Ligand code: SAM
């Protein structure tokens, strides 16, 4: 269904053989689809980007998913950096539909763990689905990848999305705490051959087995943190049954679980899988407009002691008064200060969670980073510039595309006539990009150094033209 040709090396015969009896696999059309270019899609931010790409075809299973006919240079689009949309593979957006069919009637706030979250596609999707009262812990064990997850979750701008960088074992020490656990497991990646040729050239049967063992270990390590009746959503971007159906089978053999049924309109082309009482869905690129993906949901039926919050003492934080003026509803938050004097705002109903998790996990982003006090000034955090809770009355510097890109590259800027001295938000098409401080004869750019655009961009080119 994808359009242009994609000259890929041959698909490994061992993979094709392993799929021979998989429902929905049809060798000839599967091979033909692999010769087509990968599908390009984005998911719009419900507050910052809902009106973008008006001409693009909708992704049927996500109200804010859009197919793009060609892949633009996203790095050169300031709106991408503003978090107005996320570049996400269309099949992955099925999580939206699955989540809604499971939790549409939820009555109490949820504590949700996205255990393998970098770079943040599923976490940002969930963040937009959850309510303010819910809490999303978005975790990535690999420290270097936790950085990009942090960046993407800041861009997405939700206060109730916290970022951690912990080993799955660390969550095993929080028994019965989470209502929902998403394991989008590291896998052999055969579903993404069209997007990433390295997944194809590096594919081996041995690696599939290695991934399957790791997947079981991740599940076993994190399993205790899910409460009785809690939901595990397991997903991979591998076609291999060893990493998909066999892992579900392992789960039913090792733990008391029940498979959760989800409706899936036949018109979407997603392949339902039903075997030994287990239900799941697989996306084949020759049957739908998206890459390879597998998803299943199970309910934990194991009795577990109910979770209770430990007692804690509320700490009043005076310095936060200064920062509160940057917030949409200043009275609506509790404030925390970390050892580096960085102040973060969290929703007051998540204060017990903060006190519970702070001692057990490495909290990289705990709510909304407001910044820090400095002599007579307040240095606002970058997080705040991108937050959906930011006070919209803050001073703004509306930028042209080339000014916005200079800001994002951390290159020098000249303040336009009439702009007031002091802190202001670099803004592009009404969306904030970061902080600037306008001084008498110069402008200081407060974009975090590590988040700047490092690649050379083609000059005077509209990335989305
Ligand atoms: N959920 C992400 C998204 O939608 O953007 C993609 C996750 S990717 C498929 C799997 C993630 O698991 C990677 O970020 C990888 O670094 C992480 N990972 C690798 N080994 C892991 C392990 N042993 N335990 C937990 N996570 C691991």
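A short reminder: the numbers here are calculations on the coordinates, not readings from a lab. Given the structure is predicted, the values throughout are model-derived calculations rather than measurements. When we count neighbours, we look across all protein chains shown, and the Cβ atoms used for this are built from the backbone with ideal geometry, even at glycine.
In region 122-148, of all residues being part of a helix (DSSP H, G or I), within 27 Å of residue 214 (Cα to Cα) and in contact (Cβ under 8 Å) with a residue 40 or more places away in the chain, the one that is nearest to the ligand (Cβ to nearest atom) corresponds to 122. Would you be able to say whether some residue in region 298-313 is loosely packed, with under 14 Cβ neighbours inside 10 Å, out of contact with any helix residue (DSSP H, G or I) (no Cβ under 6 Å at 6 or more places or on another chain) and under 30 Å from residue 22 (Cα atoms)? Looking through region 298-313, at least one residue is loosely packed, with under 14 Cβ neighbours inside 10 Å, out of contact with any helix residue (DSSP H, G or I) (no Cβ under 6 Å at 6 or more places or on another chain) and under 30 Å from residue 22 (Cα atoms).
Given the structure, is residue 151 more than 11 Å from the ligand (Cβ to nearest atom) and either over 13 Å from the mean Cα position of the chain (by Cα) or in contact (Cβ under 8 Å) with a residue 12 or more places away in the chain (or both)?
yes
Under the condition of being surrounded by 14 or more Cβ atoms within 10 Å (Cβ to Cβ) and either in contact (Cβ under 8 Å) with a residue 60 or more places away in the chain or on the phi > 0 side of the Ramachandran plot (or both), the residues counted in region 386-406 number 11. Taken over region 65-91, residues that are on the phi < 0 side of the Ramachandran plot, crowded, with 21+ Cβ neighbours inside 10 Å and within 16 Å of the ligand (Cβ to nearest atom) amount to 8.
Considering the conditions (1) in contact (Cβ under 8 Å) with a residue 12 or more places away in the chain; (2) over 24 Å from residue 254 (Cβ atoms); (3) surrounded by fewer than 18 Cβ atoms within 10 Å (Cβ to Cβ), residue 266 is excluded by exactly one of them, (1). Exactly one residue out of 8, 94 is surrounded by 14 or more Cβ atoms within 10 Å (Cβ to Cβ) and either part of a helix (DSSP H, G or I) or under 24 Å from the mean Cα position of the chain (by Cα) (or both): that is 94. For the condition buried (at least 18 other Cβ atoms within 10 Å of the Cβ), under 21 Å from residue 168 (Cβ atoms) and over 16 Å from the mean Cα position of the chain (by Cα), residue 110 qualifies. When 54, 58, 46 are checked against the criterion of being touching a helix residue (DSSP H, G or I) at 6+ places or on another chain (Cβ under 9 Å), surrounded by fewer than 17 Cβ atoms within 10 Å (Cβ to Cβ) and closer than 22 Å to residue 92 by Cα, 46 stands alone in meeting it.
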